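FYI, it's all coordinate maths here, none of it is from the lab. Everything quoted here is computed from the prediction, not taken from an experiment. A quick note on method: Cβ atoms are made from the backbone with ideal geometry, for glycine too, and the neighbour counts reach across all protein chains shown.
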Amino acid sequence: MTAALPRRWRPPPLVLPSWPWRITWTYLGLILFLPLGAMLLKAAGVGPAGFWEMATTPEAVATYKVSFGLALLASLVNGVFGVVVAWALVRSRFPGQRLLDALIDLPFALPTAVAGLALTAVYSTNGWLGQPLNEAFGLKVAFAAPGVTVAMVFISLPFVVRTVEPVLRSLEKEQEEASWCLGASPLQTFLRVVLPQLFPAILGGVAQGYSRAVGEYGSVVMISSNVPFKDLITPTLIIQKLEEYDFEAATVIGAVMLIFSLLSLLVINLLQVWGQRYQGDEA
Amino acid sequence: MTIVVPTLESAGPGGAPRPRPRRPGVTLSAVLIPLIACLYVGVVILLPALNVVASAFSRGLGPFLENFGSHELLSALRLTLIATAVAVPCNTVFGLAAATAIARRRFRGKALLLSVIDLPFSISPVVVGLMLVLLYSPTQGLLGNVVQSLGWRIIFSWPGIVLATIIVTFPFMAREVIPLLEEEGWEQEEAARTLGASDWQVFWKVTLPSVRWAALYGLILTTARALGEFGAVAVVSGNIEGQTQTLPLFVEDAYKNYQTELAFGAAMVLGGVAIVSLLLKLLVERLLEQDRAAARIDPEG
């Protein structure tokens, strides 16, 4: 009977032709491309020499070091502990597992201002954790660089956990069992059999978390003392420049961050393609 | 002819977990890993969250409720709700339109278009706000002259706040719905179309019901983010107390001005919304799983 179907049905007809497309492109144009274009035009208007000069003032470079450096530290910490948390969620059974699972999403759901307030309160010198840390090690967390790192850790943790978790779940238990049968220790099995398969996912999660941590403003601005050359992050510098009506400097530094975002998006996509190819090979 | 629906047990060898043999050396890591995970999440996430609750109610329920007599807090709450009420429907329409337009097609640059839709997730919210200032500011903006001659106020006013909220939240819906539509294929829509349904009917009666939970999930994420957006709104709002201050901005402002109780009161409202959205999300996730499982047991699969 199927042979009787007319041939022109072969390429499936488009679902809702044209209207969804029109809405999509108009919306994207007005909401995304127009502001993006305005920013790029303004940045281009500065000229290459001026751009370079304003992008590399000592003040700006100091904030890059804080933003990009501490975000790297935070995402690496999460690269390790995120895998541990994902492992606990997938491979173990223990009371409170559901709560742990739900808590992982809290940094996504919690407004960054609330996160900033919460972290500042906990890690300030009279807070629940800040006080013991200060008394025992003389470590000042809130209103200093460690606080900025803690805030970045907080907001980027879900990225690693949620990227590693599905891959870990899809791993074939047989491979590990084979490895044990052949006499490998659990550590060897983890390092030689499990970790290589998880690696693209871990890297992807770390990259996403890193990108988010670099751009984060709300939680960091509250826990940082915002002192230039100490713990001032780049987004805060942009806002300070705007408040001083130095629009050019704000535009240039904003463009630097924008270029970083575009690059990181590219890297994340490439990592995803890599990870998919890796999984595809197994199947 | 009867259609045999396989039960879960007969679904395949991977369906039911098999008892695993006890292995030496596993018990230590089986205890240690969950312990480390719980400790880490406890210190990084749970403790700060509990601190907000504890601080907000530190003097009992009465003083907490008194916070809501504050004129500034209420006007901030109102502005936040207005921005959300405009942004969420706009983004829902866009998200569904984009999903139906993109998911069922294969074309050059599809991956690129999906990345473009994801852009607001990777751009710093501050840069999003800056983009709007550089476009609409009457003195510095690219469209400054147009805005001025029309007599609009966008920057330092509510339209700017709404726009900022829309930009940072628009990817959620499309992202949740697109994978589901791609997974499902278009047989049902095709059937509806051959039976004479119009595009609009196909959308309302076939497409939308099949993605309802994913769309709801996207709606929850959009709303939660719209209520809590800080960075982008901070840049465009001007942060004028009682006028262009949203609730998240109010939290920061109150804390900076040593009005700690007000800050924690407002934070508790936002935190409560976040927790409700998390619970809803869990519920919707479970419904989504059920739908997916039902699709998998489908006789064809």
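Expressed as a whole percent, the proportion of Cα-Cα pairs in chain B lying more than 26 Å apart is 61%.
Couplings 3J(HN,Hα) of segment B:122-132, computed from phi: 9, 7, 4, x, 4, 5, 4, x, 4, 4, 5 Hz, in residue order, whole Hz [Karplus 6.51 cos²θ - 1.76 cosθ + 1.60, θ = phi - 60°; x for Gly and Pro]. Protection proxy ranking of B:80-87, B:126-133, A:186-193, B:275-282, by the mean of other Cβ atoms within 10 Å over each peptide's residues and highest first, is B:126-133, B:80-87, B:275-282, A:186-193. Among A:258-264, A:212-218, sorting by the average number of other beta carbon atoms lying within 10 angstrom of each residue, highest first, gives A:212-218, A:258-264.
Within the same chain, aspartates and glutamates fewer than 8 places from A:K65 are excluded, and of the rest, those with a Cα less than 20 Å from its Cα are A:E53, A:E216, A:D231. With only the Cα atoms considered, segment B:183-301 has a convex hull volume of 136 Å³ per residue.
Once the chain from B:V53 to B:T260 is taken as fully extended at 0.36 nm per residue, the excess over their C-alpha distance is 73.2 nm. As a size descriptor, the averaged projected area of the C-alpha convex hull of the protein assembly as shown was calculated at 32.2 nm².
Could you work out the relative contact order of chain A? I mean the mean sequence separation of Cα pairs under 8 Å and 6+ apart, divided by the number of residues, in percent. Taking the mean separation of contacting Cα pairs over the length of chain A, I get 27 percent.
Counting, for every residue in A:185-193, the Cβ atoms of other protein chains within 10 Å of its Cβ and taking the mean gives 1.
Peptide B:259-271 is shielded by partner chain Cβ atoms: per residue, an average of 3 of them sit within 10 Å of its Cβ. Spin-label model, A:K230 to A:F33: label points 7 Å out along the Cα-to-beta-carbon direction sit 4.6 nm apart.
When the Cα convex hull of segment A:48-282 is projected onto planes of every orientation, the mean area is 15.8 nm².
Straight-line cross-link partners of A:K230 among the aspartates and glutamates, defined as a Cα under 16 Å from its Cα and at least 8 positions apart when in the same chain: A:E59.
Hand me the GluC sites (Glu not before Pro) from segment B:125-219 located in a DSSP loop with no more than 12 other Cβ atoms within 10 Å, in residue order please. For GluC sites (Glu not before Pro) across segment B:125-219 that sit outside H, G, I, E and B with at most 12 neighbouring Cβ atoms in 10 Å, the list is empty.
Mean residue ellipticity at 222 nm, helices only, the protein assembly as shown: -22500 deg cm²/dmol; runs of at least 4 DSSP H residues each add -39,500 (n - 2.57), and the sum is divided by the number of residues.
Mean projection of the Cα convex hull over all viewing directions, computed for segment A:91-210: 9.8 nm². Within 10 Å of the Cβ of each residue in B:212-218, the mean number of Cβ atoms contributed by other protein chains is 0.
Which of the peptides A:147-156, A:61-70 is most tightly packed, and how do the rest follow, judged by the mean count of other Cβ atoms within 10 Å per residue? Don't jump to the answer; show the numbers that get you there.
Values: A:147-156: 27.4, A:61-70: 18.6.
Sorting A:147-156, A:61-70 by mean packing, highest first, produces A:147-156, A:61-70.
Evaluate E = 1/(1 + (r/R0)^6) for B:L32 and B:F68, where r is the Cβ-Cβ distance and R0 equals 51 Å; express this FRET efficiency to the nearest 0.05. Rounded to the nearest 0.05, the efficiency is 0.65.
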